[in-house]
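Below is one structure, written out as structure tokens; comments come after it.
The values are calculated or read from the model by the stated rules, or taken from the named source; none is laboratory data. What you see is a predicted model; the values in this text were computed from it and never measured. Cβ sites come from the backbone with ideal geometry, for glycine too, and all protein chains shown count toward neighbours. Areas reflect the complete protein model, heavy atoms only, side chains present, ligands, DNA and RNA absent. Shrake-Rupley method; radii C 1.70, N 1.55, O 1.52, S 1.80 Å.
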Amino acid sequence: MNDNSLTRIQPDWYSPTRLLDTPVDYDFPGDRFIPNRSLMDLDRAHTLLINRTNNKLRKPNFNDEYRRKMEENLKLDVEGRPFRMLVFRGSPKSSRQSTRLIDEMRRSDKELPLQTNENRRYRKFPLKASRALDAPLLSDDYYSNVMDWGKSNILAVVLGSILYIWNAQVQKAGVLMEVKREDDCPTSVAWSDDGKIVAVGCDSSKLQLWDAETSRLVRDLQGHQSRVGCVAWNGHILTSGSKDRSIISHDVRARSNLVSLTRAHGGEVCGVKWSSTGNALASGGNDNLVYIWDSFKTSSRHYMHRFNEHHAAVKALAWCPYNSDVLASGGGIDDGCLKIWNTQKGTCISTNETGAQICGLQWNRHHKEILSGHGFGTGESHCQLCLWSYPSMARIGEPLRHASSSRILHLSQSPDGLTVVSAGADETLRFWEIFGPPRESSENVTHLDNLLSLKASAVR
């Protein structure tokens, strides 16, 4: 094969007849779909595109005879029968159902909620508590955490020297434990993840595990030197924070239970919370600091982040249930700020000045909202429950309060995430149907679910 065979173009390779008169040598022939740029007059094309003077572009002057011939060729086939080019004729008949059936199914799905109004669930914000229980001797102490609602639908609450458990299903209360010494009263409680064991921190530095079914002491855990004001579970790991400024993680399965001991806070540890994934621990202290710890590196030197933007003690901590990297924290009476943090980047997403002490925070698992319980303050949130939209942090509905001007000390929510219980300094427990009903929308529906339900895609 000689060199000219690659560079010489055969005349019948190209459809334009002008190439037959003056063939040109090309490196490679063109393609039927991708034209060879050597055949184009790019300068003239560019001029025609950018030229805005219409009178220079003369319209073609076609006579009537030419138009008639064109219409005959476009509307009649070779045998003279009527024929139309580029007309949509539909697909040939087959065993597949018509797309009209799909349209009817989609239309019927949209019309169904309009036809059955009783099935539509409207969200109504409560004006008052749905239930109220007396809680005599409830400690009016900001630094304690004496109420928790377990996954077995049993509420644990400390009243004086007695730890009560209240079964929400049968609405009966019982005594789980009672201490004899006044300096040994329970100051913190937390249910295990399976809802069977209650961890109880005491004023005397004791940390105990109680079986809720048998009402028996399972184990004593040592390590603290002062009041244990907060406890939190992460599987078989129990983490406690104390007035002695230490954070201890215990493995409740092991004989030697101590996993880690951390002293990073400069004051009493007021709150500890594990993320839903169990990968990160948040701690708040009386030193106005919030620490984020990696679950594998809970030592004083290896914290992930240290947030110092609060100006009072930080007790209220809550991890976002639908974004494990988002944490909410609330400051004490001299701060009153509700802050949202990105714990992956170590940045503050938003700050909302509530004007009152924040004693508790609870995320709504069904709607993108967060509820704050407030103590004393000078703002309008004084001793109120406030619901905030996330991430706009705009207030929703009217604030709720206990019967008197008493601060709200603790918040917890039911296992189904629909009811919130608040413990107030007026010695009452109040139940609020504020988080339900669950949202009925397509926000949590995936693209695959939409496609399979024939509701999302209009592409045939």
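Proximity of backbone amide H atoms, modeled 1.01 Å from N, is registered between C230 and G241 at under 5 Å, excluding neighbours fewer than 5 places apart on the same chain. Ranked from largest to smallest solvent-accessible area, with a 1.4 Å probe on the protein heavy atoms, T351, T239 come out as T351, T239. A cut-off of 5 Å between modelled amide H atoms, ignoring neighbours fewer than 5 places along the same chain, links I349 with I340, W341, N342. Have a look at N167, S204, S188 and report the one farthest towards the positive end of the charge dipole of region 162-223, computed about the Cα centre with Cβ charges (Lys/Arg +1, Asp/Glu -1). So the residue furthest toward the plus end is N167.
Lys and Arg at +1, Asp and Glu at -1: add these up for the other residues within a Cβ distance under 14 Å of L176 and post the number.
-1
Annotated for region 259-346: lysine pairs at least 8 residues apart or interchain, Cα distance under 16 Å, count 4. Among residues other than L327 with Cβ under 15 Å from its Cβ, the summed charge is +2 (Lys and Arg +1, Asp and Glu -1).
Shown in residue order for region 362-376 are the 3J(HN,Hα) couplings computed by the Karplus curve 6.51 cos²θ - 1.76 cosθ + 1.60 at θ = phi - 60°: 9, 7, 8, 7, 9, 9, 7, 8, 9, 10, 10, x, 10, x, 6 Hz (x for Gly and Pro). Largest to smallest in accessible area, the residues I197, I358 fall in the order I197, I358 (1.4 Å probe, all protein chains included).
Solvent-accessible surface (1.4 Å probe) assigned to R123 amounts to roughly 70 Å². Take each peptide in 200-210, 388-398, 336-346, count the other Cβ atoms within 10 Å of every residue, and average; sorted highest first, the result is 200-210, 336-346, 388-398. Residue order by solvent-accessible surface for H366, H265 is H366, H265, largest first, with ligands and nucleic acids left out and a 1.4 Å probe. Taking amide hydrogens as placed 1.01 Å from N in the peptide plane, the amide H of S260 sits under 5 Å from those of S249, each at least 5 positions away in sequence or on another chain. Using heavy atoms of the protein chains and a probe of 1.4 Å, the accessible area assigned to M147 is about 10 Å². For D194, the shell of other residues with beta-carbons less than 12 Å away shows a net charge of -1, using +1 for Lys and Arg and -1 for Asp and Glu.
Using a probe of 1.4 Å on the protein chains alone, the accessible area found for T354 is around 10 Å².
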